[in-house]
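Beneath this line is the structure, given in structure tokens, with notes to follow.
Nothing in this text is a laboratory measurement; each read-out follows from the coordinates by a stated rule. The structure presented is a predicted model; accordingly, all values stated were derived computationally and were not measured. Heads up, the Cβs are rebuilt from the backbone with ideal geometry, glycines too, and the neighbour counts pull from every protein chain shown.
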Amino acid sequence: MVQLLSPEGDYGVPAQYAEYGKYVDALTEADFLQFYKEMSRMRRFDNEATALQRQGQLGLWVPAVGQEAAQIGSGHAVGKNDHIFPSYREHGVAITHNIDLMSILKMLRGVNHGGWNPNETRFHLYAIVLGTQVIHATGYAMGVNFDGKVATGNPEIDEAVITYFGDGATAEGEISESFLFAAINNNPQVFFCQNNQWAISSAVGTQTRVPLFERGAGFGVPGIRIDGNDVLASYAVTKKHMDDARNGAGPFMIEALTYRIGAHTTSDDPTKYRSQDEVDYWKQRDPIVRLEKFLRRQGIQDSFFEQCDVENEAMAESIRQQTFALGAPPIENMFQHVYSEAHPLIEEQSAWLKGYEASFGDNEGGH
Ligand SMILES: Cc1ncc(C[n+]2csc(CCOP(=O)(O)OP(=O)(O)O)c2C)c(N)n1
Ligand SMILES: [Mg+2]
């Protein structure tokens, strides 16, 4: 497992991983501070969104507490032409690509379907159906190859693709099919698996007999495991393999070993299926605390961390007020985009609902 930053915040590069250490050497203090800012922002955003869901402001929330290093590190390793295909928990990767956080909250309130423009942001829409985004990424990366945008030697042209998925999703056939297509087409593609050790209530040990990073090898997709709570490993390893993919080295898999500290979603109660001891063990390995220890050793003062807190509180206050102001989505929205063309069954259901709503009289529909 590649670990460059120990849980105590000590930085060191084992000899066999020297090629990854070079990517950290190229970072400045400003980069480290930016990683911290975004990781702490992601945590504050997540806690605020959970509170908003509990207040009935969101239909659902999908927490990613504990996965900040895996997401912020790898998100920063994505190059300026590269495309990202997330699943549904990648709020930190969204932060690294300047996605308006309100658009994520609107989606989980049922007001839109994501709302950001994947062409502009290169961050594609969230995918709830497990594994679908991995197929989209694989097809997209085949297209990059067909367009001749790999290994041209021109950084303005070369492009790679990264896709995120969970440990549980690896059991979907789509992932195996994607490995095969990516390998035989020599796709410029990184498969980034966040092994947070749970798929709702299914432990990772019930899904696989081999370490997940070995899963692609038989298809021709080599892989490596990283400490997913180490932002420097996440950044360096992803950067190297995205660079290699852009230069024609073909697909690669990264398994980021991390832990889902919170519930699967706000609809889940994890105390029903896992022990508090296990959660406490992983809380001791908090990725944000680890980076803070490292930064303090570099001489970063209290004032920096206090300033982060002030900015995060302001962000939380702002999204809270904006969420309160959203109102209810038009109820007809649920019938739109079910099919690309008009469909008699959908029209019938929509007409029934309109009649039902009307039966309540003025504006007193059954919302
Ligand atoms: C095809 C499909 N089957 C089942 C589900 C229901 N489901 C949603 S999330 C989830 C668990 C996924 O676990 P994992 O891939 O480890 O990702 P994590 O949620 O831990 O980030 C399941 C079974 C789904 N969304 N899509
Ligand atoms: Mg999981």
Q | Sites LYS283 and GLU348 - FRET efficiency at Förster radius 51 Å, r taken between beta-carbons, to 0.05 | A | 0.50
**Q.** Set of aspartates and glutamates near LYS37 by C-alpha distance (under 13 Å), chain-local residues within fewer than 8 positions excluded
**A.** GLU29, GLU68, GLU292, GLU306, ASP309, GLU311, GLU313
Q. Gain in length, GLN34 to GLU317, computed as 0.36 nm per residue apart minus the alpha-carbon separation, to one decimal in nm?
A. 99.8 nm
**Q.** Summed side-chain charge close to GLN322 - residues other than GLN322 whose Cβ falls under 13 Å, Lys, Arg +1, Asp, Glu -1
**A.** 0
**Q.** Computed over the stretch 239-367, Kirkwood Rh from alpha-carbon pairs, angstrom
**A.** 21.7
Q: Kindly provide the chymotrypsin sites (Phe, Trp or Tyr not before Pro) of the stretch 305-367 that DSSP labels as loop, not H, G, I, E or B, and whose Cβ sees at most 11 other Cβ atoms within 10 Å.
A: TYR339, PHE360
Q. How far is the Cα center of the stretch 5-41 from the Cα center of the stretch 174-192, in Å?
A. 28
**Q.** Cα Rg, Dmax, the stretch 277-335, angstrom units
**A.** 19.1, 56
(Q) On the principal axes of its Cα set, how long, how wide and how thick is the chain? Give whole Å, largest value first. (A) 74, 51, 42
Q. Any idea what angle helix 132-146 forms with the longest principal axis of the chain, computed on alpha-carbon atoms, 0 to 90 degrees, nearest 10?
A. 60
Q. Non-local amide H neighbours of GLY223 (under 5 Å, H modeled in plane, Pro and chain starts lacking H): which ones?
A. MET253
Q: Could I have the simple spin-label model distance between ARG274 and ILE157, label points 7 Å from Cα toward Cβ, reported in nm to one decimal?
A: 4.6
Q) How large is ³J(HN,Hα) for each residue in the stretch 99-111, as worked out from phi by the Karplus curve 6.51 cos²θ - 1.76 cosθ + 1.60 (θ = phi - 60°), to whole Hz, x for Gly and Pro? A) 6, 5, 4, 4, 5, 5, 5, 4, 4, 7, 9, x, 8
Q: Distance check, please: which entries in LYS80/LYS239; LYS22/LYS149; LYS80/LYS240 exceed 21 angstrom between their Cα atoms?
A: LYS22/LYS149
